[in-house]
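Below you'll find the structure, written out as structure tokens, and then a few comments.
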Amino acid sequence: MEEKKEQIVYDDFQKVALKVGRVLTCERVPKSKKLIKMTVDVGEAEPRQILAGIGPYYTDQEMLGRRVVVVANLAPATLMGFESQGMLLAASTAAGQAVLVNVPEGVEPGASIS
């Protein structure tokens with residue numbers, strides 16, 4: 001059973017910047033079974049480096065060119081020596097598998113999600 005999260009007010013939700021991103025490069029993080037290091041275009045001057053623990057569920061090839069939902073204003077974090085500048089949104093199946101949120105074709109990188 002999933003832990004119940006504390007309720008938030010609308011103003012708290014408004015603080016989260018969700019943007020469409022497109023994966024430009026993708027590679028496994030050495031010595032990690034889960035982490036994939038990607039460069040992601042989120043409509044800014046430079047792509048971002050984002051690490052995600054989706055390695056058991058997606059191949060590098062499946063990720064290339066994929067449109068993803070990025071939490072764009074999350075403070076950077078260092079994971080296994082690499083800086084991650086965002087987080088990808090994924091759902092968890094009953095079996096514990098991570099499934100990335102799909103973004104339809106035609107929605108360009110940098111588009112805001114509200």
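Going highest first, how would you order 76-88, 14-26 by mean Cβ packing within 10 Å?
Numbers: 76-88: 15.4, 14-26: 17.5.
Per-residue mean Cβ counts within 10 Å order the peptides as 14-26, 76-88.
Helix-only arithmetic for the chain: the sum of -39500 (n - 2.57) across DSSP H runs with n ≥ 4, divided by the residue total, places the mean residue ellipticity at 222 nm at -1500 deg cm²/dmol.
The 3J(HN,Hα) values that the Karplus relation (6.51, -1.76, 1.60; θ = phi - 60°) gives for segment 59-75 are, in residue order, 8, 4, 4, 5, 7, 4, x, 5, 8, 9, 9, 10, 7, 7, 10, 6, 4 Hz. Gly and Pro appear as x.
For segment 1-102, the fraction of C-alpha pairs farther apart than 17 angstrom is 55 percent.
Pairs of Lys residues in the chain, spaced 8 or more positions apart or belonging to different chains, with C-alpha separations under 29 angstrom: 14 in total. Take each peptide in 39-46, 95-102, count the other Cβ atoms within 10 Å of every residue, and average; sorted highest first, the result is 39-46, 95-102. Shape class of segment 52-99 from the alpha-carbon gyration tensor: prolate, with a/c at 1.5 or above and a/b greater than b/c. Put Tyr57, Tyr10 in order of accessible area, highest first, and with a 1.4 Å probe you get Tyr10, Tyr57. For the pair segment 92-110 and segment 52-91, the centres of their Cα atoms are 11 angstrom apart.
The values are calculated or read from the model by the stated rules, or taken from the named source; none is laboratory data. Please read all numbers here as calculations on a predicted model, not as lab measurements. Cβ coordinates were reconstructed from backbone atoms using ideal geometry, including for glycine residues, and neighbour counts include every protein chain displayed. Just so you know, the surface numbers come from the protein's heavy atoms only, side chains and all, with ligands and any DNA or RNA stripped out. Shrake-Rupley method; radii C 1.70, N 1.55, O 1.52, S 1.80 Å.
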